[in-house]
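The values are calculated or read from the model by the stated rules, or taken from the named source; none is laboratory data. For clarity, every value in this text was computed on a predicted model and none was experimentally measured. Cβ sites come from the backbone with ideal geometry, for glycine too, and all protein chains shown count toward neighbours.
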Amino acid sequence: MRVELPEPSPDERAHSERLAALIRSEIEAANGALDFARYMELALYAPGLGYYSAGAAKFGAAGDFVTAPELGFVFARCLARALAPTLRETRGDIFELGPGSGALAVQLLLELERLDALPQRYRLLETSADLRERQRATLLLHCAHLAERVEWLDVPPAEPWRGCLIANEVIDALPARLFALRNEGLFARAVGVGEQGEFIWREHPADAALSEAVANTSVNIAALPQPYCSEVRPLLAPWFAEVTRSHEQGVAWFIDYGYARDDYYAPQRREGTLRCHYRHRAHNDPLILPGLQDITAWVDFDALADAGLAAGFALDNNLSQAQFLIEHGLDEVFAAAYAEAADEMARYRLVQEVKRLTLPGQMGERFRVILLSNTIRK
Ligand SMILES: C[S@@+](CC[C@H](N)C(=O)[O-])C[C@H]1O[C@@H](n2cnc3c(N)ncnc32)[C@H](O)[C@@H]1O
């Protein structure tokens with residue numbers, strides 16, 4: 001896939017080069033080949049340098065991609081309707097992972113206030129100092145009167161809590177391991193350094209952990225064409241256990257793009273699902289522009305359900321985003337917003353937002369909403 005990408009500014013190039021130097025030193029320490037998952041982790045999260053750890057617009061029109069909460073308020077108002085029963089029942093909290101610009105937090109709080117179902121606390125897990133500041137400013141601008149309910153965490157809560165965990169487009173940003181299935185066997189894909197200092201692909205026979213992770217997908221390897229490249233996230237289950245460790249009662253909502261396992265590892269998807277986003281262009285070369293572009297891989301929803309099960313959760317629902325929105329008040333939210341819209345332009349934007357959220361060729365089918373409920377104290 002060749003895509004023309006806009007040229008980064010000299011400052012952006014310099015920033016990217018600082019991160020590249022750090023990655024090159026890790027590659028050297030790893031004898032010339034760094035597992036792709038570690039490369040992805042550094043490219044996205046190296047302190048002060050990674051894509052999500054350093055300053056830049058990222059989300060929205062001025063950034064690299066647009067997420068559902070960035071499009072407007074429709075997604076959040078429907079999600080509020082989905083969360084309200086649990087919040088009323090548990091009198092609990094919302095714990096949001098990877099809150100981005102803070103747009104979802106703002107709209108959820110305002111809508112839950114209207115629905116008389118405010119959480120006791122709205123807790124945001126955000127490790128980037130930059131994004132925290134952006135979230136704080138957004139919240140103060142739009143719902144200062146609810147600010148005392150909001151707090152930021154560096155790690156998941158230690159003490160028992162009840163309520164709703166939510167994560168929109170977070171799992172796709174968790175580092176993935178890449179594998180290549182060839183006639184000669186299973187290989188791990190890694191990153192090395194070329195003669196000009198550029199990053200290049202390397203491969204070595206799969207280690208035991210990767211072989212086990214691929215075996216756990218129950219994919220019928222014999223039925224796949226070769227070479228066949230894809231991804232696994234062996235750390236998804238430990239991550240799920242960690243973020244829900246002290247969750248006592250309630251539910252977890254995950255919204256992301258992905259496939260059920262059979263579809264994820266379908267024979268025709270032989271180049272995997274890894275994608276990069278740079279200024280609204282999607283392409284599949286993660287080795288360029290480190291720190292300047294987002295790197296994601298689609299979510300295996302069966303792996304997510306398995307991770308939940310292992311942590312004491314049960315799969316309650318798995319809906320396309322369009323179905324989810326329709327089941328949680330899209331009609332009502334749309335009608336009210338349409339009636340209140342200030343002018344023709346506002347009505348036009350609202351219609352565009354709903355189309356983008358629900359049409360099958362846009363976010364309606366590619367995104368799914370997975371509901372897991374805590375069975376420990378259901
Ligand atoms: C694609 S952005 C989505 C942001 C936001 N949820 C939205 O919908 O606009 C992915 C977010 O996940 C966060 N993230 C990645 N790994 C995480 C982890 N282990 N725990 C919590 N958040 C994480 C990133 O820092 C980033 O803010």
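Descriptive notes on the structure:
- Of residues in region 274-283 being touching a residue at least 60 places away in the same chain (Cβ under 8 Å), within 17 Å of the chain's Cα centre (by Cα) and within 21 Å of SER230 (Cα to Cα), the one surrounded by the most Cβ atoms within 10 Å (Cβ to Cβ): LEU274
- Just one of the numbered conditions (1) closer than 30 Å to THR86 by Cβ; (2) exposed (fewer than 15 other Cβ atoms within 10 Å of the Cβ) is not true of ARG182: (1).
- Contact annotation: no residue pair with Cβ atoms under 8 Å, 6 or more positions apart or on different chains, pairs a residue in region 93-108 that is outside the structural domain of GLN120 (by TED's automatic domain parsing) with a partner that is crowded, with 24+ Cβ neighbours inside 10 Å.
- Pairs linking a residue in region 116-136 that is assigned to a loop (DSSP other than H, G, I, E, B) to a residue that is of a type in the set (Lys, Arg) and within 14 Å of the ligand (Cβ to nearest atom), with Cβ atoms under 8 Å and 6 or more positions apart or on different chains, are GLU126/ARG132.
- For region 193-210, the set of residues classified as crowded, with 18+ Cβ neighbours inside 10 Å and in contact (Cβ under 8 Å) with a residue 40 or more places away in the chain consists of VAL193, PHE199, ARG202, listed by residue number.
- ALA129 being buried (at least 16 other Cβ atoms within 10 Å of the Cβ) and among the aliphatic types (A, V, I, L, M): no
- LEU108 in contact with a Pro (Cβ under 9 Å, 6 or more places away or on another chain) and within 14 Å of the ligand (Cβ to nearest atom): yes
- Those residues of region 42-65 which are surrounded by 19 or more Cβ atoms within 10 Å (Cβ to Cβ) and in a helix (DSSP H, G or I), in sequence order: LEU42, ALA43, LEU44
- When residues of region 36-65 are limited to those that are of a type in the set (D, E, K, R) and closer than 20 Å to PHE199 by Cβ, the one farthest from the ligand (Cβ to nearest atom): ARG38
- Failed criterion for PRO47 (all others in (1) closer than 27 Å to TRP239 by Cβ; (2) touching a residue at least 40 places away in the same chain (Cβ under 8 Å); (3) not basic (Lys, Arg) hold): (2)
- Options ALA129, ALA147: the member that is of a type in the set (Gly, Ala, Ser), assigned by TED's automatic domain parsing to the domain that holds PHE313 and within 16 Å of the ligand (Cβ to nearest atom): ALA129
- Cβ-Cβ under 8 Å pairs, at least 6 apart or on other chains, region 293-313 side without any contact (Cβ under 8 Å) to a residue 24 or more places away in the chain, far side of a type outside the set (Val, Ile, Thr): LEU309/LEU315
- Answer residue from region 66-105, given it is within 20 Å of VAL333 (Cα to Cα) and assigned to a loop (DSSP other than H, G, I, E, B) and is nearest to the ligand (Cβ to nearest atom) among those: THR67
- ALA266 being surrounded by fewer than 20 Cβ atoms within 10 Å (Cβ to Cβ) and closer than 30 Å to PRO360 by Cβ: yes
- For beta carbons closer than 6 Å, sequence separation of 6+ or different chains, a first residue in region 161-183 that is within 21 Å of LYS58 (Cα to Cα) and within 16 Å of the ligand (Cβ to nearest atom) and a second that is assigned to a loop (DSSP other than H, G, I, E, B) and of a type in the set (Gly, Ala, Ser), the qualifying pairs are VAL170/GLY98; ALA176/ALA297.
- Qualifying residue in region 151-168 (condition: modelled with pLDDT under 95 and outside the structural domain of LEU44 (by TED's automatic domain parsing)): yes
- Region 196-254, residues that are in contact with a strand residue (DSSP E or B) (Cβ under 6 Å, 6 or more places away or on another chain), among the acidic types (Asp, Glu) and closer than 18 Å to MET40 by Cα: GLU203, GLU231
- Strands (runs of 3 or more DSSP E) lying entirely in region 273-375 (those with 2 or more residues that are over 30 Å from HIS247 (Cβ atoms)): 275-278, 281-283
- The residues of region 211-240 that are within 16 Å of the ligand (Cβ to nearest atom) and either assigned to a helix (DSSP H, G or I) or surrounded by fewer than 19 Cβ atoms within 10 Å (Cβ to Cβ) (or both), listed by number, are PRO234, LEU235, LEU236, ALA237, PRO238, TRP239, PHE240.
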